[in-house]
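Comments concern the structure below.
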Amino acid sequence: MINAKIENMIIIAPDILESGILTKKSDIWSFVMVMLLAIVFEGDYKQVPMKNDRVDIPNALLIAKEKLNLKYRTIFNMFEQILNSPSMSMTLKIEEIRSNIITADISKCDICETNGDDNQYHKRSTGIECEYGHFICKEHIISELKVNGKEGELCCSLCDNNQKKPYNDKIVIDLIGFDLMKVVLDGREAKAQHKIEIEKQLARNQGKEEGLKEAEKGLLQVQIQKSKADLHHLSTTRCPRCSTPFVRISGCDAMKCNCGCGFCFKCLADCGSDAHAHAGSCNGNQIGKMTQDITNFWNKLNPDIKAALSTDNETIQLLRNHRVPL
């Protein structure tokens with residue numbers, strides 16, 4: 001099936017279309033295109049956007065950005081640099097592409113390097129890269145949270161103040177766990193509540209209601225984002241030992257995490273290094289409990305928050321996946 005689809009998928013470098021001549025650069029372009037199709041679309045060629053019987057590169061890169069940019073920025077930048085411009089103007093060499101592929105899952109923590117720590121290299125899944133390319137490992141993310149988390153935002157400590165943007169809540173939760181991230185979420189809500197109290201005082205003293213209304217809207221937005229983070233936490237299966245998020249589509253209930261933990265998908269019991277013996281006779285139903293927890297949380301939500309989330313595509317899909325009625 002895949003072979004039949006590939007036969008109908010025209011993958012030709014731009015300079016070949018212009019000159020009809022095969023070059024090393026056109027080979028690089030074609031190789032990187034095949035990498036994009038394999039890595040981003042995972043062999044499901046029905047999902048590849050097409051235009052005039054060719055891969056629609058701008059749309060394919062948009063999908064690649066959504067899937068790769070936060071965790072594998074180097075790989076995405078390579079796709080964008082090579083595929084989004086004429087191959088004759090490419091500057092990357094085969095050696096650089098090879099380095100990008102080999103090191104895609106490993107990065108040097110910029111804070112570890114600055115501190116001269118012994119272990120400066122980490123898997124990218126155990127850290128976060130900001131928009132400006134600073135990669136920070138989990139240990140230093142947690143250290144930053146302990147210092148500034150109550151301020152309600154968690155940002156890259158290496159960025160200039162005018163560059164700083166908060167990390168994505170879901171990415172932080174998946175990295176350090178919900179309990180730690182709750183410090184940030186609670187701090188954010190406390191700041192919004194404090195702003196309302198200030199605006200209430202101004203309204204009483206000066207008779208101005210506009211600021212109070214804006215502060216109330218701001219608090220609602222904070223509460224909406226906090227509720228989305230709660231739903232993400234409730235709907236995510238995690239390793240019982242290291243809290244790494246897991247998605248199981250099908251297969252055995254005996255799971256194995258990269259941390260070495262063998263655990264049961266049915267009940268999330270830590271079974272040492274191998275969960276097969278336990279999983280075979282386990283009657284647990286953590287998915288059923290997960291659905292019930294999500295349902296209870298959803299039913300108790302503030303009506304204004306629920307109304308806002310009922311139009312949020314991500315929340316709608318999450319509820320549908322767990323068969324929770326809107």
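Residues in the stretch 276-305 that are within 16 Å of SER235 (Cβ to Cβ) and among the small types (Gly, Ala, Ser): GLY288 alone. Only residues that are more than 26 Å from ARG323 (Cα to Cα), modelled with pLDDT of 90 or more and assigned to a loop (DSSP other than H, G, I, E, B) were counted across the stretch 249-279, and they come to 6. Among all residue pairs at least 6 apart or on different chains, which show Cβ distances below 6 Å where the first residue, located in the stretch 313-326, is farther than 9 Å from THR291 by Cβ and at pLDDT below 90 and the second is among the polar types (S, T, N, Q) and surrounded by 11 or more Cβ atoms within 10 Å (Cβ to Cβ)? Qualifying pairs under 6 Å: LEU326/SER310.
The helices (runs of 4 or more DSSP H) located wholly in the stretch 167-248 that include 3 or more residues which are modelled with pLDDT under 90 and loosely packed, with under 15 Cβ neighbours inside 10 Å occupy 178-206, 210-234.
Screening LEU158, LEU154, LEU145, LEU175 for residues that are out of contact with any strand residue (DSSP E or B) (no Cβ under 7 Å at 6 or more places or on another chain), of a type outside the set (Lys, Arg) and closer than 19 Å to ALA229 by Cβ leaves exactly one candidate, LEU145. Scanning the stretch 211-260 for residues that are hydroxyl-bearing (Ser, Thr, Tyr) and in contact with a strand residue (DSSP E or B) (Cβ under 9 Å, 6 or more places away or on another chain) gives THR236, THR237, THR244.
Of the set (1) in a helix (DSSP H, G or I); (2) at pLDDT below 95, all apply to PHE297 but (2). Pairing each residue of the stretch 118-144 that is under 15 Å from LYS170 (Cα atoms) with any residue that is charged (D, E, K, R), provided the two are 6+ apart or on different chains, yields C-beta distances under 8 Å for SER125/LYS71; SER125/ASP105; THR126/LYS138; GLY127/LYS138; GLU129/LYS71; GLU129/ARG73; CYS130/LYS165. The number of residues in the stretch 22-77 being touching a strand residue (DSSP E or B) at 6+ places or on another chain (Cβ under 9 Å), among the β-branched types (Val, Ile, Thr) and within 21 Å of ASP105 (Cα to Cα) comes to 1.
The values are calculated or read from the model by the stated rules, or taken from the named source; none is laboratory data. Every value quoted in this text rests on a predicted model; they were computed, and no experiment measured them. Glycine gets a Cβ as well: all are built from the backbone with ideal geometry, and neighbour counts include every protein chain shown.
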